[in-house]
Structure formats: C-alpha cells, structure tokens
Amino acid sequence: MPSLNYAAPTTVDEAVKLLAGASGLAKVLSGGTDLLVQLRSGRMRPDLIVDTKKIPGISGVSGSASAGFTIGAATPGAVLEAHEALKKAWPGVVEAMDLIGSTQIQGRASLAGNLCNASPAADSVPALFAAAAVAVIVGPNGKREVPVEQVPTAPGRTSLAKGEFILEFKLPPRPAHSGDAYLRFIPRTEMDIAVVGCGINVTLDANGTCTAARVAVGAVAPTVLLVDAAAKALIGHKLDDATLKALDAAAQAACKPINDKRGTIEYRTKVAGVLARRVAAIAFDRALGKAGATTH
Amino acid sequence: MAKHHVSAVINGEPTEFLCETQQTMLDVLRDELGLTGSKEGCASGDCGACSVIVDGSLVCSCLMLGCEAEGTTITTIEGIAQGDHLHPVQQKFLEHAALQCGFCTPGLIVASKALLDENPNPTEEEARYWLAGNLCRCTGYDKVIRAVMDAAAVMRGEKAA
Amino acid sequence: MNYITSDLKVVGSRPIRPDGVEKVTGRAQFGADMRMAGMLWGKVLRSPHAHARILSIDTSKAEKLPGVKAVVTSKDLPHIANEEAFVGEGPMNFRDLSRNCLAWDKALYEGHAVAAVAATSQSIADAAIELIDVKYDVLPHSIDVEDAMADDAAVLHEDLFTAGVEPKPAKPSNIAKVVTFRKGDAEAGFKDADVVVEGRYTTKAVHQAYIEPHACLCSYNADGQVMIYSSSQGHFMVRAYCSKLLGIDLANIRAVPLEIGGGFGGKTLVYLEPVAIALSKKAGRPVKMQMTRDEVFRASGPTSGATVEVKLGAKKDGSIVAAKQVLKYQAGAFPGSPIGPGCMCGFAMYDIPNVDVVGYDVVSNRPKVAAYRAPGAPISSWAVECAMDDLARKLGKDPIELREQNGARNGTKTHYGPTHQNIGFLETLKAAKNHPHWKAPLKPGQGRGIACGFWFNIGGESSAGCHIAEDGTVVATSGNPDIGGSRASIGMMVAEVLGVPAERVRTIIPDTSSIGFSFLTGGSRVTFATGMAATQAAERVVEDLKRRAAQIWEIPVEAVEWKDGKAYPAGSNAGAFEPLDLATLALKAGRTGGPIGAEVSVNAQGAGPGFGAHICDVEVDHETGAVKILRYTAIQDVGKAIHPSYVEGQIQGGATQGIGWALNEEYIYDAKGKMDNSGFLDYRVPVASDVPMIEAVMVEVPNPRHPFGARGVGEVPIIPPMAAVGNAICGATGVRMHDLPMSPPKVRAALDAAAPAMAAE
C-alpha cells in the first residue's frame, strides 16, 4: 500500500528543501480542491504532500490599485471576493476566481492552485493573463519573477522546476480608464468547467479609444491562450460594430480546441467569438467608469 | 508514515484524533469521530453533502485532509442546533417541508447558515447561487429556498420564529 | 370506510413530519452510517471493459495481503436457474440479478462487478482489489440501441432469442423481445387523416442520481441467520433477493430499513447486499460496503436510452384518427427495459380510435436498466407530446384545446386494454388553461410550451399497524421505506381515523421480521396501498376501543360512537356516561381484553392513475444555445393530498429531474464503451440556480377506491418536462428539437441549421 507523507512547513526555505529533496513525487497543497480530487480518483499518486498554508505571506492581499497588488499564492477565492479595493481595480480577476466551483470551493481554492493545475479550462487564468500578472516563484535557486502566461506549458504541466513553488502574484499598477472582465460559457448556471472562457483587460484614453489591451481565451487549446491578434483588433479603436466583428474573428481564429464531453470544436470556436464580444463590452464599460457593469 | 495526531475544536469541543495522510476531513468526521451527520455524496466536491464550516469558511470536508485540520475551529451539522433548540434554518426547513429524503439536508443547512451569517438579507437569486454547490435531487430546491428566505427574515427580527 | 366527503381535521393539513428533527440535525441513520463491532470494509473489483469474456480470475495475491479477510467471486454464490422474479420494480430475472451482482463468464459492461474483498480498512480493501488478476478476452461492444440491434452487433447472450416474434428465431439476438399493442386499423386511419405529423426522437441514458450512493452493512452469523442494514426502496425486496441469490431461508434474514437518501426507482433492486453477505459468510465478520459516486454511475442502472418514432394523423377539425409509435429501448446488460409501460403511456391520455405501437427491448453493453420514476413513460411522452405540439401548430389549434378535444375521460378504452375510470385528465387540462401562467405575456426571445403525462400507479401488497401504548399515545407502523414523506401521511391517516392530533401518532418502519410483508416503495403506491392498510388498522382499533367502552359501560357496542379521540354513548338513551379517551381506555386495557392494537395486510386494488400538465417558459440565447427556464407550473390530479407539502414536493422534485433530463443530463461514452462523465461535475443535474420556483397545482379528483381519495403522485411529474421544455424552445425559436438532452451545443447547431430556411421565410 502506497504510503503518503505530509508536511506543513512554516518557512519558504523549509518548503523548498522538502520539495527539492523529495525522492518521489511531491505536490504542493494550498486549497486542495484539485489535488484531493486527483488523489481520491488515483489520477495523482504523490509520495509527499507539502502544505504551504503555514508559510507567512502565502495568503492575503496587500498593495493598492496605483502601486499594484500583491496576492498570496494560497489566498482562497472567498478572500479575494471580499477585498473591496482589489475588486474595484480588478473586477475581472476577482470574478474569474469567484466563478470556480461552488461557495464551498471558494472557501479553499487559490489562484496558484488554479494556475499550476494547468487545466486548459481554468477560470482564473485568462483573467490573470489579461491582467499581465507576474508570478513570484521561489525555489532552490532563489526567487524569480515570471509572467503568468509562461507558467502553464501543457495540460497538467507547468514550467516550474523541481523544488519550486509560487509564493505570490503581483498585479501591475492600474492606469486610469482601465477595466477588465471575464466570462465563461457553461451549460448550467453554476458548477461546470468552462466550455470556453475569455478574459479581457483594456486601458482607454479619455475619448474611449483603446490604448492597451490583452485578450486571453481558455478551454480552446492545450493551454490558455493570450491572443495577440485579438488585442490588436482593439488597440486604436473604440468598441464599435466593426471592432467587435474583428475581435470575434480574431478570437475564433486563435482557437485550437478539441472535441470532448464538454464541447465540440465547432461550438467552442463559435462561442469564443461570442464571449470575446460580450467580455469586451463589459471591460470597456468598466474602463469608462460606467456603473453597474457586471457579468451576472 | 505514522498516523498524524491532530488537535482541533469541533462544535465547540477541543478534540483530538489520529488519521492517515490520505484520510479526508470527511473520513475523519465519519469514521474516526462518529460524526456521521456529514455525508459522502461524491467525494469530489461536486455535491456539497459533506459541507462544514472551517475557521468561518464554508468548505467541502471531502476536499480537506484530516491533517489540515490542525489548529482549526470546525462546525458540523451536529453543532448547528444548541442542545434541543433548533437553529432558525433547521426550524424553517421542517416547517416548509424543505427536505424529503434528508440526505442532502445536513450540507444544505450548514451552507444556509453560512449564507445567512455572511449575508443576512439575500435575494432569491443570491441564495440560489450561494447554494449551487449543494445538490438536491428530491425537492427541486423550491421549498429549500423558501425556508432559507423565511429563516433570514426571522433572524433579521422581521417576524416571529 | 370512505372519508372522501367527510370533514377532515388532520388529512390535508401540514404537520411537521415525525422523522424531521433527526434529519435536520444529522442524527438520522442512512446506509453508510451504520457501524458494528468487528466490522470489515468491502470493495468491488469491476470490469474495465464494456464487453469481454472472463478467462480467469486469480485472487491469490489479494488473499495474502495483510488485513484481507475474504475474497469472493460468482463461484461463491449458488448458480441459480433462469427464473422470473416478481420482487422488485420492473422486469427482473433472478439469474440475471445474480450475474449482475457478480459476473459469471462474461463482463457485460464497464463497471460490471467481477470480484469483491473484505478487509480491516477501506484503504486495504481498495489496495486488495488491485491485486486481483483477471484475464479478459475483449469483445466488440454496442451501446446505442440501434447499434445493438444491427445484424453484425456482437451478441451479449448466446441463449437470448427474441420473444414476441413468430416463428421463433434460430439465431440469438440482442433484441430480447418485441411487444405490440393495436387498436383498430392505424393504416386505414392515416389514409383518412387530413393532417399528419411525424418525427423521430432520441434520448440518452440518464441516471436517477440520488445523492446517497448505495450502501449496506451485512452480518452473517455462524447459524445462518443474517442481519442486513441497508438503504433501499424495499427491505422485503432486499430480503427476497438475498434469499434467492444466496440460498438462505427468508425467515433467517432480517432486513432493517435505514433511511434512504433518494431512490426514484434506482434502489428497487440489490447490488451490494448479496456480495456483502457472501463476504461476511466467508470472513465470519460483518461487512460494510458502499459505492463511490463513480461506481454509482458506472455500475448501477440508469434508465434506457431510446429512439422513438411517432406519427399522428388528424382530421381538419382536430380529432386524432390514427397514432403510431415504434419504440426501441436499451435494457442494458440483461433484458428488462420498461418497454411495456413506454408502449402504454404515450397515447394513454388520448381517445384515439386507431393505434399501432411496437416496442423493442434491446440489450447492450451498459449497466442493467433500473427503474427511474414512471419507467418508460417519460421517453414515450417526450416524442408524443412534441408531436402533439407539432400537430397543434399544423392545425392552427391551441395545444390545450387539442388535448381537451382528444383527451381521455371516464369510459375511454385505452389501446392497451383497460378502460379509464374516475380519472382527472380533463380537470387537469382545465386547470392549466385557467392558470394565469398560460396567458402571461412573453417577451421577444421567450417561448412557452405545454406537455402532459400519464402514469398508472399501482396498489399491491402492504402491511401497516396501529398500536395504542399504555399511556394512550399511538405508534403506527408501515411496511414501506419512506422515500417521500410517507411516514407523515400514514400517521395523519391513522390520526384522522382515531380522531387525535397528528402529533400524537408516531410512525416508524419496522424490519422484515417485525411487520407483515409489504411490496416495495415504488409505483407511487405507498400512500395508496400502505395508507389503505394503515387506515384499516386504525379502524379496527376504533372498533376494539368501542367494544371496550361498551364493556366498561355495560351497554351494547352498537350504542357506542367514536368521535375526536373519545368513546361516547350514542344518544341519551345509551346512558349518561363521561366520554372515555385513548389514555383512559389504554389504562384499562388489561381489564378489557389485553393490549390494544391491530396490524392489517392488504392487496390493494383500484390504484387511481394520475395525469399531469406542465407549462414552461424559456428564454434561448441564440448565440450560445443556452436555455434558461423562466417560469414553470406543474399541474397534476393528485386525488387527495394527504399532506399537501409532500405532494407539492413530489411534483417539484419530479419536474426538476425532468428539466435536467431535458437540458443537460446524459451518459457519455467513449469509443471503448467506457463512461466518460461518471461524476457530478460532468453528469449535470440541475443546481439551485438552474431552476425558478416551481408552482405545483394540485387538482383533486378523488380516487373512490382509496379511503381518503388519494392517488399516487410521485411518478407523473417527471413525464411532461422534456416536451414542455422542447415545446417552449420551439415557441421561442421556431426550431423543433428531436434529441435529448437539448444542451447548448445542440440548440445552437439546430438554430444554425434552421437559419437559412428561417431567413427565407
């Protein structure tokens, strides 16, 4: 019978030593909402579980919109949802995280877990990519900072080396007239894995013309995609019908989805375009300071 | 690995237990502590029948390892009533016939209490979305939501219990 | 006695159910909550293949694992003969049930049980099954019904020859039987019709998806006596199946009904109990077994997936002159789909002179079908009620009026034989027509649909008791596990007869050794049949109480009347005696003949059929195909609502299951015949935010064969929703969906396919 070890280190160094020195498979445990399901189903058979929740700074939100926020890797979604300043500056990031699973999942699930589980359909990831978040990674060779889009490399795989784990995320300072949003398509109203997800982050000038944009689409490729062409369709434009059409086309063109029990290639591609349009409208409204722009 | 020795406060009582690494908190509650009120419906966090409150957060106990409970404060269905004094959510579930087979009921009651602790005045839509993680196959949710809204009114002091 | 026109004091009210507090505090004991000293933990090894010959099973390594106390295969169960069982719900064969619990020479579906172990912990049991070495010869498989019917399909059973076909076929087949129902001459009828609609409809297998997985604790004692604690819809059924499958006398088995966390028909048979008993016998210790959610999906019976072709022919004035249906139902690994009820229920609501229905029961490599709430009828009505909607549109008629015109009424002869008596279909339709929902305005992009349902409901054998304790309080006993609140209704009927408040009666469900036989809880029969037995038991107690009062007063028994819980002298001539209440009479029980109580067993006849009509409003997102249920009203003839809250609950719960069936629930298989979505993440049952409030409207056309007029109510509500939703989608978009579930990709694809034609209009 496989024997499973568990450790709850209280410092970064201790955690790194445990992970780097593990003879078999070692997995980081923050919220556990993916890991425990994988353990129970036998999909994951680690030898060591390293629970990072006792490491100081691993959970919590600090900073401000203007200076930039720092979010502890293991911060539960419910804590992000309750953080008024973060929600005001980055409603897209918060709502994306908030959509994962149920209220119960929200009590535990974390941005780092969602990112490092590296599901193509992870909800928070398109919003994090669109936000240009940075992952602060610690490991045997010290600390390094990496744009989040460089972390997932394939379904279930990340670019983290043995012994490394994410300590926190940094969100960049928020320029004026900026807004982000995330929508996903699911067959029910809750509790489903995204069939398609889209996160868009824009900065506009005082006239409402887009000066900067990042568009990310999820569940349409082996990893979440940052779609440059879609961003380019927005930059320099207002959100008129022609821009929406170009955005839709660019989002669809980037899709490389599969047929699976959650969606077909054709359907996912079409809906990617639909969501891109709807998300852009909300992001632009938020950037323009329009009250009541929500995704529900 | 030898079993873990864990100390936590469960339903107000300081509690100690031994568990293997792979035992979830749900396994511990049911198999080690005899608290079988929390149920296993799926063991994958999709049904909410195992819902408990840990350090003030509503969670699925099937998605938490027993050893993660060290130093935490946990409320299970067994701790919702105070002696023989039912919580308003429990009372309203009975009055509204918001349960049929009763299997999802412990999870729903814990989740509803957590809702009303956080938001004493939810709309119907807010209540439905909060409780989306608690599957019920018998009631169609209608009487459940009515019971929760009615309990909320009682707890806000807007009507007699 | 009949109380239909009486002034009722308890029946019809809404007391708190007697088992409520233990359920809201987590104290109620369900199947997995039982413990016994020395208990072992069981685990089943299941086939990874959809269809395979089992060449060998080597259990030696598992047996050697420390902590393993027993390993069993089908060799540890007696090989029993081919014999039809009339024990559970739906067609069943004892030999098939045994082979389903532990496979003989073939694995017939992915998840089919092949062996089982019992060990000192769950984790040891889980590890032990991985040490069992099974050699398979993998065979081609088929899942969908038409694939299984094809000439080149791999045959599941070499000894299965299609029944109902003349001459008897020489080659074995996956078509277990063909059934036909004919009335008049359908061909001629269609020639006579002015308007014809037809359609081909399909459904996928859907699971009852009770939140509580199967679980049991069984203890085989050295003297051959067995205790079974399990969650089931019938502990007498559990006893009977285990007796047959293990060769144990019935009286040596005591089956204790624990609380059941949902059944809906899926727990009207056994999967784990015979295996647990076999393990307990070998190990000499009690064995607990519970299924994981994955096992529930892979290895317990969902209902059939099916194809249904339907054709309706009508005159210009709206009278339907001909109707035809061809139904093909999956039975799963062994014969016994609900093809019969499917053939009967689709047209049962209508008075049609010429009807031709043919049904096929087809085995295929998926779990054996188990009953699911009105088995067979939802699939059949999905097709018929959509076709009725198409017919209404083609005729330019209101869909309710079309049904009223052709609706079954008292005296209508069905196409399957019986004549309708004392039914409430027209009253149900009238209530639908007059309901504000039917006329409420709709916004653009929204649509409304209506659909109807029929279910026979059954009666059958039930036992119930009524006992007066020494202090005059009342214990009622019911032979039926409570899956819908029946303890409350039975207690209420007893309280009504005794003339005491509902709270004075406590209703419990004794084990199989402590009460007379009761057929299982299913077929919407308990309030009807067990309620009848309970009412009669209470009436006998009342007669006995009157006799005792007469004895005390020394007057003839005819001079005593019973009212509001007391014995009174009947009229001033009888004597000026103070009334005697239950407490007083109970105190004097010893002097007036001994303990006061009665148990009654009945074979209840005259179960009243039920009809429902559901109105559904939807909004369709044309870009994503998402369907939102905006408003839902479910109208049903319930006879008499004994406890209205629980009747509403049945209606709301059944409607919600139907909505799930309509929109998102389905078994998804991969190319190897393995289920791809065996969890609640991807098997998508409705969640709280998916549905609005469901208004349940109870029409009461009393069933004169029940003392209080009750009809079964539990099954009808799952029948209309799929067509109600489909008809609403048609109203919102102009597009007719034919294939369930109507999930967003399929709705979007249907809208895209129809777009050129719509643009041309």
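The values are calculated or read from the model by the stated rules, or taken from the named source; none is laboratory data. Because the structure is a prediction, the values reported are computed rather than measured. Because the Cβ atoms are built from the backbone with ideal geometry, glycine has one as well, and the counts that use them run over all protein chains shown. Each accessible area value is taken on the protein alone, full model and side chains, heavy atoms only, with ligands, DNA and RNA left out. Shrake-Rupley method; radii C 1.70, N 1.55, O 1.52, S 1.80 Å.
As a test of the definition: with a 1.4 Å probe, what buried accessible area, both sides summed, do you compute for B against A, in Å² to the nearest 100? Display every interim value, and only then the final one.
Values: alone 8310 and 13570 Å², together 19540 Å².
When B and A are taken together, about 2300 Å² of accessible area is lost.
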How about segment C:108-164: which GluC sites (Glu not before Pro) there lie in a loop by DSSP and see at most 10 other Cβ atoms within 10 Å? C:GLU158
Note down the net charge around C:LEU272, summing +1 for each Lys or Arg and -1 for each Asp or Glu among other residues with Cβ under 10 Å from its Cβ. -1
Around C:GLY407, which amide H atoms from residues at least 5 apart in sequence, or from another chain, sit under 5 Å from its own amide H, with H modelled in the peptide plane? C:ASP351
Using the alpha-carbon centroid of each, what span in Å lies between segment C:524-538 and segment C:24-52? 32 Å
Which value, in debye to the nearest 20, gives the size of the charge dipole of segment C:510-549 about its Cα centre, when Lys and Arg are +1 and Asp and Glu are -1 at the Cβ? 140 debye
Can you give me the angle between helix B:142-155 and the longest principal axis of chain B, using Cα atoms only, in degrees from 0 to 90, rounded to the nearest 10? 90 degrees
Distance between the C-alpha centers of segment C:585-608 and segment A:85-162? Whole Å please. 68 Å
Can you give me the distance in nm between label points at A:LYS245 and A:ASP13, each placed 7 Å from the Cα along the Cα-to-Cβ direction? 6.3 nm
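Over 27 Å between C-alpha atoms is what I'm after, so list which of C:LYS563/C:LYS640; A:LYS270/C:LYS672; B:LYS3/C:LYS64; C:LYS177/C:LYS204; B:LYS159/C:LYS640 land there.
Those over the limit are A:LYS270/C:LYS672; B:LYS159/C:LYS640.
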Please report the net charge: other residues with Cβ closer than 10 Å to the Cβ of B:GLY133, K and R +1, D and E -1. -2
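When Rg is the radius of gyration of the Cα atoms in the protein assembly as shown and Rh is its Kirkwood radius, what does Rg/Rh come to?
On the way: Rg = 31.2 Å, Rh = 31.9 Å.
That ratio equals 0.98.
Could you work out, residue by residue across C:644-651, how many beta carbons of other chains sit within 10 Å of that residue's beta carbon, and then give the average as an integer? Mind showing how you got there, number by number?
Numbers: counts 1, 6, 3, 1, 5, 10, 4, 2.
For peptide C:644-651, the averaged partner shielding equals 4.
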Once all protein chains are kept in place, A:MET44 shows an accessible area at probe 1.4 Å, nearest 10 Å², of 40 Å²
Farthest towards the positive end of the dipole of the protein assembly as shown, among C:PRO756, C:GLY262, C:ALA81 and with Cβ unit charges of +1 on Lys and Arg and -1 on Asp and Glu, lies the Cα of C:PRO756
Quote the accessible area belonging to B:CYS136 in square angstrom, nearest 10, computed with a 1.4 Å probe and with ligands, DNA and RNA left uncounted. 10 Å²
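Report the local net charge at C:ASN82: Lys and Arg +1, Asp and Glu -1, summed over other residues whose C-beta lies under 11 Å from its C-beta.
On the way: positive: C:ARG95, C:ARG99; negative: C:GLU83, C:GLU84, C:ASP96, C:ASP159.
Neighbourhood net charge equals -2.
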Expressed in angstrom and rounded, the centroid-to-centroid distance over alpha carbons for segment C:174-228 and segment C:236-269 is 22 Å
Given C:MET742, C:GLY491, C:ALA50, which one lies farthest toward the positive end of the charge dipole of chain C, if we put +1 on the Cβ of every Lys and Arg and -1 on the Cβ of every Asp and Glu? C:GLY491
For C:SER513, what accessible area in Å² do you get when you roll a 1.4 Å probe over the heavy atoms of the protein chains, rounding to the nearest 10? 70 Å²
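Please list C:TYR669, C:TYR372, C:TYR3 in order of solvent-accessible area, largest first, computed with a 1.4 Å probe with all protein chains present.
On the way: C:TYR669 55, C:TYR372 0, C:TYR3 25 Å².
The ordering from most to least exposed comes out as C:TYR669, C:TYR3, C:TYR372.
Determine the calculated [θ] at 222 nm for the protein assembly as shown from helices alone, applying -39500 (n - 2.57) to every DSSP H run no shorter than 4 residues and normalising by the residue count; nearest 500 deg cm²/dmol. Walk me through the intermediate numbers first.
On the way: 35 runs with 349 residues, N = 1218.
About -8500 deg cm²/dmol.
To the nearest 20 debye, what charge dipole does segment C:99-244 have about its Cα centre, counting +1 at the Cβ of each Lys and Arg and -1 at the Cβ of each Asp and Glu?
Values: 13 positive and 21 negative charges, 116 e Å.
Dipole magnitude for segment C:99-244 comes out near 560 debye.
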Using the Cα centre of segment C:424-503 as the reference point, and only Cβ charges (+1 on K/R, -1 on D/E), how large is the resulting charge dipole? Debye, rounded to the nearest 20. 1000 debye
Among A:VAL50, A:VAL220, A:VAL148: highest mean-square fluctuation, GNM of chain A, C-alpha pairs under 10 Å: A:VAL50
Taking the dipole of segment C:191-314 about the Cα centre (Lys, Arg +1; Asp, Glu -1; charges at Cβ), the one of C:TYR229, C:SER304, C:LEU279 that reaches farthest to the positive side is C:LEU279
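May I ask you to order C:542-548, C:567-573, B:146-152 by the average number of other C-beta atoms within 10 Å around their residues, highest value first? Walk me through the numbers on the way to the answer.
Details: C:542-548: 19.3, C:567-573: 15.1, B:146-152: 22.7.
Top of the packing list down: B:146-152, C:542-548, C:567-573.
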Averaged over A:94-102, how many beta carbons belonging to a partner chain fall within 10 Å of each residue's beta carbon? 3
Could you name the lysines in cross-link range of C:LYS191, using Cα to Cα under 26 Å and dropping any fewer than eight places away on the same chain? C:LYS183, C:LYS311, C:LYS315, C:LYS316, C:LYS324, C:LYS328, C:LYS394, C:LYS397, C:LYS413
Exposure ranking of A:SER23, B:SER44, B:SER51 by accessible area [1.4 Å probe, largest first]: A:SER23, B:SER44, B:SER51
